[in-house]
Every structure is written in C-alpha cells, then in structure tokens.
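Quick one: this structure, given as structure tokens, is what I'll be asking you about.
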Amino acid sequence: MAVNVCVPLANGFEEIEAMSLIDVLRRGGMNVIVAGVGGDVIYGAHNIRVIPDTKIELVNADELDLVVLPGGLPGAINLAEDETTQKLLKEMDQKGKYVGAICAAPYALKTAGVLKDKYTAYPGWEGNIRKEGYVSEAKVVEDKNVLTSKGPGTAICFGLEIVRKFVGEDVYNQLKAGLLADFC
C-alpha cells in the first residue's frame, strides 16, 4: 500500500528543503503530492518556480499519511497564515496522522496548535516558535505524531528518516547508500 504525503508549497519556500524532501520521499516509493498554496505557480525564496501537482484546497486529510512543510521565508509564515493549510494540519493531528516541518516551518505547526513538546528548527528561529522543548543538537526530532528538522543541510536526512518510519529500514538503508548520505 502506497504511503501518501502532501508537501504544501507557499511563495517563499526553501527550495533545497522542498526539492530534497520531494525527491527522497519519491525515491523511497512514497506518493508525494505537491500542493500549491496561493497560486498555480509557486516561487521559492530564491526565485525558483514550481508548478504544483494540485492546490491545497483540493487535498483531503483522509487520503494522506503525512503532511510535511518545507521552511524558508516568507514561505513558512505564508503556511502559518493560510487557513486551508492550518485546517489540514489540525485535521491530520486530530486523526492521529503525522505532520512534519523543517527549518522555519515548525512555526506553522505551532500556529496550528499541533506542535508537541520536543522539536527542532533552524537555529535561532526557536525564539519565534517556543524556546521550551527546542532540541538544538538533533538533525531530526520525533515527538508523538510530529517530525521536525533543522534546515537545508538536514533535508536529505529528514527525508531519509521519514522513509525509514513509513517504508522501512531496508529501503532506508538502500536509499541512504545510493544517495551517499553517510552524513545522516
């Protein structure tokens, strides 16, 4: 059975994080749906244009196993201010399904009220989220149904940990070796 993941992209998303997550998860055999927030073409923080698979308004939490947010500014703030994205995050959490975020995007998890006790984020950004529970030394933190990671340099590791959790150790090991990701 395929694992269904939604990666919402809002204008100002961090390209390395978004593309690394989408790529690693698809290589791991996961069905990744890229959902546009606020337009048919979404512009990254460094002006890379992406045409999403669908619009966030058409995404159904019942059909998903995970929603994972890339960071970047102002992308993370745009995700935090988008009512549809916030509603989707709350619905996933209420159903006991997984949500994730990297870099500045745990801010959007906080605004949705789904961030748990422990998390990580881009160093220094925890002041905008919550200093309590911030784990500075980890590349990836899991707390209940919430997965978080630090930033662009940890995006491949974050994707690999998601693959390990949802697809299994064998695929994780094969993918990690194939990506030469011995730094994870």
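The values are calculated or read from the model by the stated rules, or taken from the named source; none is laboratory data. The structure displayed is predicted, hence computed values, not measured ones. As a convention, Cβ positions derive from the backbone with ideal geometry for all residues, glycine included, and neighbour counts pool all protein chains shown. Only protein heavy atoms, including side chains, enter the accessible area calculation; ligands, DNA and RNA are left aside. Shrake-Rupley method; radii C 1.70, N 1.55, O 1.52, S 1.80 Å.
Sort out which residues of the range 148-160 are touching a Lys or Arg at 6+ places or on another chain (Cβ under 8 Å), open to solvent by 10 Å² or more (accessible area, probe 1.4 Å) and either in a loop (DSSP other than H, G, I, E, B) or not polar (S, T, N, Q) (or both), and write them in order of number. So that I can check it myself, show each step before the final result.
Filtering the range 148-160 for residues touching a Lys or Arg at 6+ places or on another chain (Cβ under 8 Å) gives 149-150, 154, 157-158, 160.
Checking which are open to solvent by 10 Å² or more (accessible area, probe 1.4 Å) leaves us with 150, 154.
Listed by number, the list holds a single entry, Lys150.
To continue, here is another question. Has the range 133-145 got any residue that is part of a helix (DSSP H, G or I) and either open to solvent by less than 70 Å² (accessible area, probe 1.4 Å) or more than 26 Å from Ala112 (Cβ to Cβ) (or both)?
Taking every residue of the range 133-145 in turn, none turns out to be part of a helix (DSSP H, G or I) and either open to solvent by less than 70 Å² (accessible area, probe 1.4 Å) or more than 26 Å from Ala112 (Cβ to Cβ) (or both).
Right, another one. Restricting attention to the range 21-30, does a residue exist that is assigned to a strand (DSSP E or B) and either surrounded by fewer than 22 Cβ atoms within 10 Å (Cβ to Cβ) or not aliphatic (A, V, I, L, M) (or both)?
Here is the first cut: in the range 21-30, the residues assigned to a strand (DSSP E or B) are none.
No; the residues of the range 21-30 include none that is assigned to a strand (DSSP E or B) and either surrounded by fewer than 22 Cβ atoms within 10 Å (Cβ to Cβ) or not aliphatic (A, V, I, L, M) (or both).
Where residues in the range 53-90 are part of a helix (DSSP H, G or I) and among the basic types (Lys, Arg), which of them is most open to solvent (accessible area, probe 1.4 Å)?
This residue is Lys87.
Would you point out which residue out of Ala18, Ala45, Ala108 is touching a strand residue (DSSP E or B) at 6+ places or on another chain (Cβ under 7 Å), closer than 25 Å to Leu179 by Cβ and without any contact (Cβ under 8 Å) to a residue 40 or more places away in the chain? Walk me through it before giving the result.
On the way: Ala18 fails: without any contact (Cβ under 8 Å) to a residue 40 or more places away in the chain; Ala108 fails: closer than 25 Å to Leu179 by Cβ.
Just a single option satisfies the conditions, and that option is Ala45.
Determine which member of the set Tyr107, Tyr172 is open to solvent by 50 Å² or more (accessible area, probe 1.4 Å) and either among the hydroxyl-bearing types (Ser, Thr, Tyr) or closer than 15 Å to Val7 by Cα (or both). Steps first, please.
Values: Tyr172 fails: open to solvent by 50 Å² or more (accessible area, probe 1.4 Å).
Result of the check over Tyr107, Tyr172: Tyr107.
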